[in-house]
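Reading through the structure tokens given below for one structure.
The values are calculated or read from the model by the stated rules, or taken from the named source; none is laboratory data. This is a predicted model, so every value here is computed, not measured. Glycine gets a Cβ as well: all are built from the backbone with ideal geometry, and neighbour counts include every protein chain shown. Only protein heavy atoms, including side chains, enter the accessible area calculation; ligands, DNA and RNA are left aside. Shrake-Rupley method; radii C 1.70, N 1.55, O 1.52, S 1.80 Å.
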Amino acid sequence: MQWHVSLCVFSALHTRDNWESGLRVGVGCPVLDELLRGGLPVGAITELSGESGAGKTQLAMQFCLSVQYPTQYRGLGSGAVYICTEDSFPIRRLQQLIREQSHLRSDVPQELIHSLQFSDQVYIEHAADLDSLHMCLSRRVPLLLAQGLVRLLVLDSVAALFRSEFKADDWLERNKQLLAFSSTLHHLSQEFTTPVLCINQVTDVFNSGDNSLGPLSCPVSPALGLAWANRVMMRLMMRRLQVTVARGDQSSVLRRLEIIFAPHLPRDGQDIAVWREGVRGIGGAPLAQTHDLGFNNK
């Protein structure tokens with residue numbers, strides 16, 4: 001495997017022009033779209049990190065549907081490519097989100113929602129190692145982007161392959177490959193004016209006072225260290241709280257979505273829940289709350 005850095009030079013000026021253009025992929029929830037000032041910016045890498053079960057994949061799939069709406073509804077009028085490097089893609093959950101779009105997107109005319117072929121516009125790829133990931137990013141993904149079939153790239157997750165293929169004493173080679181890999185993502189995002197969403201794992205932080213890469217007073221930090229953090233334009237983190245909220249016949253573990261850093265956003269956060277129709281910010285009337293004993297993994 002050889003990542004071609006010379007063809008993927010990162011241009012900070014180009015990236016700034018892209019995200020200042022105003023194009024965003026919204027979440028589909030007014031509370032969260034306000035938090036993110038519209039959603040994922042085009043032409044840049046956004047990282048979404050968190051522990052297992054935090055809801056990262058849920059939010060990523062929601063973006064895969066949101067991108068398909070026209071620009072007046074915070075979409076880009078195209079599909080998404082979703083690259084899995086760990087678990088199999090949760091197709092049943094995606095189908096449920098599609099069925100519930102009319103409940104999530106009350107701002108969109110029903111006839112428009114029913115006219116969109118959501119499932120046909122989510123292209124799922126699997127990469128079991130770095131070689132197959134390189135093949136996917138250098139051949140299949142550029143073809144989909146060039147044909148206008150997709151305008152969102154999701155990688156779930158970025159840390160899995162780099163953690164499994166490099167030992168601790170191979171950090172220099174790992175960082176070299178990581179740099180080239182991130183340059184490839186930047187190249188794709190800028191050439192095709194496409195948002196890139198990378199889901200990341202977390203690692204334990206033994207001295208939380210020195211944790212500048214994650215939330216304040218948090219015992220975990222996004223994986224892959226500064227070599228990766230310096231290549232990300234916007235860093236988000238999701239974490240579970242020890243509370244369960246209820247709404248009608250549904251319940252969900254309360255989460256928090258936090259903005260760790262972004263050039264256009266203040267450091268902020270919002271409590272969220274995962275419902276049948278998707279991820280929503282907690283706002284308005286208070287919901288019934290109970291302490292989470294760890295049995296609800298929704």
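Kindly indicate the residue of segment 129-160 that is without any contact (Cβ under 8 Å) to a residue 40 or more places away in the chain and either assigned to a strand (DSSP E or B) or polar (S, T, N, Q) (or both) and also surrounded by the most Cβ atoms within 10 Å (Cβ to Cβ) among those meeting that condition.
S132
Is it the case that some residue within segment 243-254 is assigned to a strand (DSSP E or B), within 17 Å of the chain's Cα centre (by Cα) and at pLDDT 95 or above? Write out each step before concluding.
As a first pass, look at segment 243-254 and keep what is assigned to a strand (DSSP E or B): 243-247, 250-254.
Next cut, within 17 Å of the chain's Cα centre (by Cα) only: none.
No: segment 243-254 contains no residue that is assigned to a strand (DSSP E or B), within 17 Å of the chain's Cα centre (by Cα) and at pLDDT 95 or above.
Here's the yes/no breakdown for (1) out of contact with any helix residue (DSSP H, G or I) (no Cβ under 7 Å at 6 or more places or on another chain); (2) in a helix (DSSP H, G or I); (3) not hydrophobic (A, V, I, L, M, F, W, C):
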residue	(1), (2), (3)
G38	yes, no, yes
G43	no, no, yes
Q58	yes, yes, yes
C64	yes, yes, no
Y69	yes, no, yes
G77	no, no, yes
V81	no, no, no
L94	no, yes, no
V108	no, no, no
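May I ask you to list pairs of residues, at least six apart or on different chains, whose Cβ atoms are under 7 Å apart, with the first in segment 252-278 being closer than 18 Å to S52 by Cα and acidic (D, E) and the second being open to solvent by 20 Å² or more (accessible area, probe 1.4 Å) and part of a strand (DSSP E or B)?
If the second residue must be open to solvent by 20 Å² or more (accessible area, probe 1.4 Å) and part of a strand (DSSP E or B), the pairs left are D271/R256.
Could you list all residues from segment 16-31 that are open to solvent by less than 60 Å² (accessible area, probe 1.4 Å), at pLDDT 90 or above and within 17 Å of Y69 (Cα to Cα)?
R24, V25, G26, V27, G28, C29
What's the number of the condition Y73 fails, among (1) open to solvent by 10 Å² or more (accessible area, probe 1.4 Å); (2) modelled with pLDDT of 95 or more; (3) in contact with a Gly (Cβ under 6 Å, 6 or more places away or on another chain)?
(3)
Residue-wise test of (1) open to solvent by 40 Å² or more (accessible area, probe 1.4 Å); (2) modelled with pLDDT of 85 or more; (3) in contact with a strand residue (DSSP E or B) (Cβ under 6 Å, 6 or more places away or on another chain); (4) within 23 Å of L143 (Cα to Cα).
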residue	(1), (2), (3), (4)
F162	no, yes, no, no
A168	yes, no, no, no
K176	yes, yes, no, no
F181	no, yes, no, yes
H186	no, yes, no, yes
V196	no, yes, yes, yes
V202	no, yes, yes, no
